[in-house]
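Following: one structure in structure tokens, then a few remarks.
Please treat every number below as a calculation from the coordinates, not as lab data. Just so we're clear, the structure is a prediction, and the values are computed from it rather than from any experiment. Ideal geometry is used to build each Cβ from the backbone, glycine not excepted, and the neighbour counts take in all protein chains shown.
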Amino acid sequence: MSGQGAVLSDFVRTSGPLYGQALHHLALACASAVAKLHARGNVGLGLSHESVALGLNGQVLIGWQPGITPGSAADDMRAWADLVVFAGTGRTDGDTAALPPALRLAVRQCRRPDPTTRPRAADVLRVLLGQSVAAAVASVDDLLAS
């Protein structure tokens, strides 16, 4: 990912954790990318603080290779949650209390031990866009059309 900005892990180690709008933007951009990929049938994305870069102009770039990492959509959402915790705390085992309320709720739900109870990427995306959990049942296509 060189030439595209800083890999998230390097950026956080050098500049410190993200917070406020920067953290929300990263979480939203990654959830959006995961939702789009899941809608296309891609799972096992291998999302981590090593596979995400912050672009030179503020964009979030995600590197992934289909089929390389075994896993499920629920595993991807756990990885998304772990990525957000790292970005917001600088630690892979960081305390979710340091996150803003909406992110904290989404992260906790995505870290549930039972993968079948984790929300879909589209559900998390709706919550991050400020909609209620009840409204988070729309499909990714409906979300992107609105």
quick shape note, segment 1-131: Cα extents on principal axes in Å, largest first -> 36, 32, 26
For Thr14 and Asn42, extending 7 Å from Cα along the Cα-Cβ vector and measuring point to point gives, in nm, a value of 2.6 nm
Rounded to one decimal in nm, the spacing of the 7 Å Cα→Cβ label points at Ala98 and His25 is 2.0 nm
